[in-house]
1. Taking the Cα-to-Cβ direction at residue A:101 and at residue B:55 and moving 7 Å from each Cα, how far apart do the two end points lie in nm?
2. So what is the relative contact order for chain B, in percent, with contacts set as C-alpha pairs under 8 Å and at least six apart?
3. Return a single number: how many Lys pairs in chain A, at a sequence separation of 8 or more or on separate chains, have alpha-carbon atoms below 25 angstrom apart.
4. 7 Å from Cα along Cα→Cβ at both residue B:13 and residue A:80: what's the point-to-point distance in nm?
5. Treating the beta-carbon of each Lys and Arg as +1 and of each Asp and Glu as -1, no other charges, what is the dipole magnitude of the range B:9-116 about its Cα centre, to the nearest 20 debye?
6. Taking a cut-off of 22 Å between Cα atoms, list the lysines near residue B:14, but don't count ones fewer than 8 places away on the same chain.
7. Take the alpha carbon atoms of chain A, find their radius of gyration, then divide it by 2.2 N^0.38 Å using N residues; give the quotient.
8. Give the separation of the Cα centroids, the range B:10-86 to the range A:1-44, in Å.
Amino acid sequence: LAKTTQPISMDSYEGQEVNITCSHNNIATNDYITWYQQFPSQGPRFIIQGYKTKVTNEVASLFIPADRKSSTLSLPRVSLSDTAVYYCLVGFMGGKLIFGQGTELSVKP
Amino acid sequence: GAVVSQHPSRVICKSGTSVKIECRSLDFQATTMFWYRQFPKKSLMLMATSNEGSKATYEQGVEKDKFLINHASLTLSTLTVTSAHPEDSSFYICSARETSGAETQYFGPGTRLLVL
């Protein structure tokens, strides 16, 4: 399973765009990249998933370069309620997911 | 997105008793479910993979006789913590994998277990 590396923490202010980058140098050909958000005492919530290039949904964008050795989660115009831990996971479709340490995002007013 | 529920949301029990936690996929079928535990300020740790109709696969270091997993239907998996002790106190989270489309994993809200 590909190991992921993310910044331990990030600070931002309301209204700013936040980009969290995840490194996964040994990603396999069949692996997908999935991002989850977790609030304290809650289960992780699915944000976005992708294989290559760019994926966008109503809450975020995911940028994946051609070599797929990293990915960037982009959160547009964050609010206080986006304060949470964000996890980047890599694994083949339907396979088990191994969580890394995640990135603790703190959004300030 | 798909919805996964867990019951109970929190439970307090005496040391030596057994506790059962249910995980249900409410609007999709899941041949595979996963069980995690999470300690305060730590990341999720995968305990086992639960496959409908077959034995669960446990991660290294997880006692299968301690944490009994049953996946009797396409929408229900249960985790039973047998003879619970205070060190088993933790936040237990399940996830269910869609069997169609992107096969994304969706997580339940978690169960807080406190063993006295």
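1. Result: 3.7 nm between the two label points.
2. Working: 295 pairs, mean separation 42.3, N = 116.
Relative contact order, chain B: 37 percent.
3. 9
4. Between residue B:13 and residue A:80, the label points sit 3.9 nm apart.
5. Numbers: 12 positive and 10 negative charges, 76 e Å.
The calculation lands at about 360 debye.
6. Straight-distance partners of residue B:14: B:64, B:66.
7. With N residues counted in chain A, Rg over 2.2 N^0.38 Å equals 1.01.
8. So the separation of the two Cα centres works out to 25 Å.
Every number here is computed from the coordinates shown, using simple stated rules; none is lab data. Keep in mind the model is a prediction, meaning the values are calculated, not measured. When we count neighbours, we look across all protein chains shown, and the Cβ atoms used for this are built from the backbone with ideal geometry, even at glycine.
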